[in-house]
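Peer 1: To start, I am sharing the structure in question, which I have written as structure tokens.
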């Protein structure tokens, strides 16, 4: 839905996505600012689920500072890989746990690039454009699994796939919160009531997640 012509004329991705939804039975609204501004906007709503795909505007930190509901994020990596992450509040590592050693005010990860040659003094990088689509497949699969809550507790919250070598390899694992500088103070009593009644908050209940 977003091609080179859209990039040339600087079309907004949120507007293009809204056009896709407008052709279905679903109702969509576009909002071009960040999550913090959204919460204070005229919409005045708390979402049930956040899909985080952006790197700009310190977006990961902004989301986590605002006591989010369940968050799913997927990115490409510098070494021709893709990864998927999930944050169940109070149970999984948050986005900032994952990147806390790297994140600075202007930190923007490099996406979809891999080293082709180091024979010259200048590093030569290549782009694998299909990796972004591959990471979205992991998100779609996770959205499907969310509809089966009794089986969902066994899912790993981090998946990484590398194409740096021809055979490729998957890594799947569960990570507990690392008590990063953002989520270490986010206790259950601080979460807004709107978040605690969101659709997937049940996964934050220890008896549901780990019976």
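The values are calculated or read from the model by the stated rules, or taken from the named source; none is laboratory data. As the structure is a prediction and not an experimental result, all values here were calculated from the model. Backbone-built Cβ (ideal geometry, glycine too); neighbour counts: all protein chains shown.
Peer 1: Within region 197-205, does at least one residue satisfy the condition of being touching a helix residue (DSSP H, G or I) at 6+ places or on another chain (Cβ under 6 Å) and outside any loop (DSSP other than H, G, I, E, B)?
Peer 2: At the first step, the residues of region 197-205 found to be touching a helix residue (DSSP H, G or I) at 6+ places or on another chain (Cβ under 6 Å) are 202-203.
From what is left, the residues that are outside any loop (DSSP other than H, G, I, E, B) are 202-203.
Yes, the conditions are met somewhere in region 197-205.
Peer 1: Here's something else I'd like to know. Restricting to region 50-64, give me the number of residues that are under 21 Å from residue 203 (Cβ atoms) and in a helix (DSSP H, G or I).
Peer 2: 3
Peer 1: Shifting gears a bit: Which number in (1) within 16 Å of residue 181 (Cα to Cα); (2) touching a helix residue (DSSP H, G or I) at 6+ places or on another chain (Cβ under 7 Å); (3) surrounded by fewer than 21 Cβ atoms within 10 Å (Cβ to Cβ) marks the one condition that residue 58 misses?
Peer 2: Of (1) within 16 Å of residue 181 (Cα to Cα); (2) touching a helix residue (DSSP H, G or I) at 6+ places or on another chain (Cβ under 7 Å); (3) surrounded by fewer than 21 Cβ atoms within 10 Å (Cβ to Cβ), only one is false for residue 58: (2).
Peer 1: With the checklist (1) within 27 Å of residue 129 (Cα to Cα); (2) crowded, with 18+ Cβ neighbours inside 10 Å; (3) touching a residue at least 24 places away in the same chain (Cβ under 8 Å) in hand, flag the one item residue 78 doesn't pass.
Peer 2: Every listed condition holds for residue 78 apart from (2).
Peer 1: Turning to a different aspect of this structure: So which pairs qualify, if the first residue must be in region 15-43 and touching a residue at least 60 places away in the same chain (Cβ under 8 Å) and on the phi < 0 side of the Ramachandran plot, the second must be surrounded by 10 or more Cβ atoms within 10 Å (Cβ to Cβ) and in a loop (DSSP other than H, G, I, E, B), the Cβ gap must be under 8 Å, and the two must be at least 6 apart or on different chains?
Peer 2: Close Cβ pairs (under 8 Å, with a partner that is surrounded by 10 or more Cβ atoms within 10 Å (Cβ to Cβ) and in a loop (DSSP other than H, G, I, E, B)) do not exist here.
Peer 1: From (1) modelled with pLDDT under 75; (2) assigned to a helix (DSSP H, G or I), pick out the condition that doesn't hold for residue 138.
Peer 2: (1)
Peer 1: From (1) under 14 Å from residue 86 (Cα atoms); (2) modelled with pLDDT of 80 or more, pick out the condition that doesn't hold for residue 153.
Peer 2: (2) is the only condition that residue 153 fails.
Peer 1: Residues of region 142-186 being assigned to a loop (DSSP other than H, G, I, E, B), at negative phi, surrounded by 11 or more Cβ atoms within 10 Å (Cβ to Cβ) and more than 20 Å from the chain's Cα centre (by Cα), which ones?
Peer 2: Within region 142-186, 163, 164 meet the criteria.
Peer 1: Keeping to region 1-13, report how many residues are loosely packed, with under 14 Cβ neighbours inside 10 Å and either in contact (Cβ under 8 Å) with a residue 40 or more places away in the chain or in a helix (DSSP H, G or I) (or both).
Peer 2: Counting residues in region 1-13 that are loosely packed, with under 14 Cβ neighbours inside 10 Å and either in contact (Cβ under 8 Å) with a residue 40 or more places away in the chain or in a helix (DSSP H, G or I) (or both) gives 4.
Peer 1: For region 33-45: of the residues being more than 17 Å from the chain's Cα centre (by Cα) and in a loop (DSSP other than H, G, I, E, B), which is farthest from residue 71 (Cα to Cα)?
Peer 2: Applying the filter and picking the extreme gives 42.
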